[in-house]
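Down below is the structure, laid out as structure tokens.
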């Protein structure tokens with residue numbers, strides 16, 4: 001597998017296969033939303049679009065970065081989301097980096113959204129897909145966020161060498177600027193457990209696949225049977 005690691009601004013052409021990585025916290029939060037029962041996640045272009053979608057679909061739940069705001073039901077925190085019942089609901093998500101990265105590659109033939117909590121499932125799906133070239137979109141810090149790059153590199157290695165150990169990659173993420181900012185309360189809309197939850201390897205037995213459904217980019221979980229059979233939940 002030929003892996004490329006690019007920031008959002010470096011995407012000059014639409015890749016065939018894209019893995020969009022946002023560890024802290026968009027795609028850790030998305031995985032938790034599915035674990036809490038969400039049917040699908042609509043990735044919004046802007047806060048205004050998220051609110052407009054919510055207005056048209058009052059039963060949908062809207063989620064954003066930062067502090068709570070009128071019209072939004074939740075914030076982008078796995079620690080705060082893990083106790084929310086989302087059974088059968090649609091979530092509209094707008095974040096600073098993760099959703100932007102996914103929308104930037106929406107024309108790709110396969111778009112996966114990833115973080116450490118779905119790393120093995122993502123790698124397994126890439127192995128199943130037998131992709132020749134994969135573009136990993138490192139969404140944070142203009143492509144320099146070490147927690148995202150570490151996760152991207154781990155998934156890439158794991159896709160071709162299933163025995164790859166995660167320890168060094170998780171350590172890099174734990175020592176990243178994003179982890180420090182979350183731990184120190186620099187960012188808003190944070191739970192004290194957020195960093196630990198973002199570093200929980202293979203918490204969920206599904207990958208997350210984003211596809212265009214009409215005019216909307218929609219994220220859905222795709223269970224990976226071998227992981228489900230092993231009970232990796």
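Since every read-out is calculated from the coordinates, none of them should be taken as a lab result. Not measured: the values here are computed from a predicted model. Cβ: placed from backbone, ideal geometry, glycine included. Neighbour counts: every protein chain shown.
Structural remarks
- Entirely in segment 86-184, the strands (runs of 3 or more DSSP E) that have 3 or more residues that are farther than 19 Å from residue 204 by Cα: 90-94, 133-138
- Only listed residue being without any contact (Cβ under 8 Å) to a residue 60 or more places away in the chain and farther than 15 Å from residue 117 by Cα, chosen from 161, 166: 161
- Verdict on residue 132 being under 27 Å from residue 106 (Cα atoms) and exposed (fewer than 12 other Cβ atoms within 10 Å of the Cβ): yes
- Residues satisfying the stated conditions in segment 68-85, i.e. touching a helix residue (DSSP H, G or I) at 6+ places or on another chain (Cβ under 7 Å) and either in a loop (DSSP other than H, G, I, E, B) or free of Cβ contacts under 8 Å to residues at least 40 places away in the same chain (or both): 71, 74, 76, 77, 82
- Residue 187 vs. criteria over 30 Å from residue 70 (Cα atoms) and part of a loop (DSSP other than H, G, I, E, B): no
- The set of residues from segment 45-63 being farther than 17 Å from residue 74 by Cβ and assigned to a helix (DSSP H, G or I) comprises 48, 52, 56.
- Of the candidates 10, 65, the single residue that is loosely packed, with under 15 Cβ neighbours inside 10 Å and touching a helix residue (DSSP H, G or I) at 6+ places or on another chain (Cβ under 9 Å) is 10.
- Filtering segment 165-186 to residues that are farther than 13 Å from residue 150 by Cβ and crowded, with 19+ Cβ neighbours inside 10 Å leaves only 182.
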